[in-house]
Amino acid sequence: MDIFVFYTLLAFMIIAAFIAVETKNLLSSVICVGAIGFGVSLMFLFLSAPDIAITQIVVEVLGLIILIRATISRDLTFITGDREFFGTIVSIVIIFFIGLAGIMVFFKTLPEFGTPIFAKIPEAASQTYIKEGLRETGAANLVASVILDFRAYDTLGEATVLFTSIIGATVILRKKTRKLLEEPDV
Amino acid sequence: MKGMTVKVKTISSWVKVLIFIFGIYIIISGHLTPGGGFAGGVILASSYVLLMLAFGRKFVEENLSLPIASKIDCVGALLFAAVALFGLLFGAASFFYNFFHQEYLADKETALKLISAGTIPLSNIAIGLKVGASLFLVVLVLSIFRPEPSADKKE
């Protein structure tokens, strides 16, 4: 069952990627990119990595908002007409109940205060970090030993994200690019 | 862009040294006390941002110009990648192999000293350079960026 859902998500994401590349409308392309991102976060949930799934959702929502804001002035997509009163009420009620269910699940599965999960499970990875951290890495600061030795690969990814975003900001905001943007497209 | 009043300039020219040294301390002792590359890099960048607020952008650009800052950023990133790759070269074929730590941990005397923990201080210094330079670059680039009024009229 899990495998089936997994491959369905995979096919969905591949189709969305094709649409995002092939479509002529910029806004629908951006929305397809967002769909790919949410599919990725669902796949992280299936691969039992909820922390990365949460990060992916946050990044995806922010990126989607920024991309829509950037494209909407180019494409000039307007939605005319009044908002339906009944539809608004129904959607608000549905969102409210989904949120209520989420809060219920959150408070039921959350361990009690003072009893972290890794204290209950003896073979958890964090137990190994606490016991072997000083002996294996030699760092008195256990956080440093985790982020720079046990999980340094993760930190390399974070540093790469920061590096790439700075490169993007400096390239977009410098004077040469802005002059190029003001010129009409050839 | 002439900066603020004389009081602000004087105080910030005293405080900037303390902030900078504190940032270096946070980076270097990141494997012993709370802190590390990310936090120390932010503190290093904040000393330059303080200078930029007090003295104006031109003054800071004379000290640490945009090309030099971007070069420091690249050097930090390359140093961190080099630490990872040296682990691959010297160690048991794994990324980020801590290839220094055996000799330091052989005797317990060096366990909590400043020079210990193998590659962790090196990675901290690399990340500190990178984060400091890149945060400074963000503030510098955003302060240079100013949308021209003619561009708005066209749209």
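Readers should treat all values here as calculations from the given coordinates under stated rules, not as data from a laboratory. Everything numeric here is computed off the predicted structure, so don't read it as measured data. A quick note on method: Cβ atoms are made from the backbone with ideal geometry, for glycine too, and the neighbour counts reach across all protein chains shown.
What distance in nm separates the two pseudo spin-label positions at A:Lys120 and B:Leu18, each 7 Å out from Cα along the beta-carbon direction?
4.8
For A:Thr80, A:Thr170, which order do you get if you count the other beta carbons within 10 Å of each Cβ and list the fewest first?
By the 10 Å Cβ count, ascending: A:Thr80, A:Thr170.
Could you give the size of the charge dipole of chain A about its Cα centre, using +1 on the Cβ of each K and R and -1 on the Cβ of each D and E, expressed in debye and rounded to the nearest 20?
500
In nm, to one decimal, how far is the modelled label at A:Asp2 from the one at A:Thr80, with both set 7 Å along Cα→Cβ?
5.2
Fewest to most neighbouring Cβ within 10 Å: what's the order for B:Thr10, A:Thr137?
B:Thr10, A:Thr137
FRET efficiency for B:Thr5 and B:Leu142, Cβ-Cβ distance as r, R0 = 30 Å, nearest 0.05?
FRET efficiency, B:Thr5 to B:Leu142: 0.80.
Compute the distance in nm between two label points, each set 7 Å from the Cα along the Cα-to-Cβ direction, one at A:Glu132 and one at A:Ile95.
Going by the 7 Å Cα→Cβ label model, 4.7 nm.
For A:Ser48 and A:Val61, calculate 0.36 nm times their separation in residues minus their Cα-Cα distance, and state this gained length in nm to one decimal.
Gain on stretching A:Ser48 to A:Val61: 2.6 nm.
Averaged over peptide B:71-79, how many Cβ atoms belonging to another chain are found within 10 Å of each residue's Cβ?
2
Would you mind checking B:Lys16/B:Lys58; B:Lys9/B:Lys58; A:Lys24/A:Lys175 for any pair whose Cα atoms are more than 20 angstrom apart?
A:Lys24/A:Lys175
Among A:Glu158, A:Glu60, which comes first, second and so on when ranked by fewest other beta-carbon atoms within 10 Å?
A:Glu158, A:Glu60
What do you get for the angle between helix A:85-109 and the principal long axis of chain A? Use alpha-carbon atoms, 0 to 90 degrees, nearest ten.
Between helix and principal axis, roughly 10 degrees.
To the nearest 0.05, how large is the calculated FRET efficiency for A:Ala11 and B:Ile28 if R₀ is 41 Å and r is the Cβ-Cβ distance?
Efficiency, from the Cβ-Cβ distance: 0.20.
Within a 10 angstrom radius of each residue's Cβ in A:148-160, how many Cβ atoms of other chains show up on average? Whole number is fine.
6
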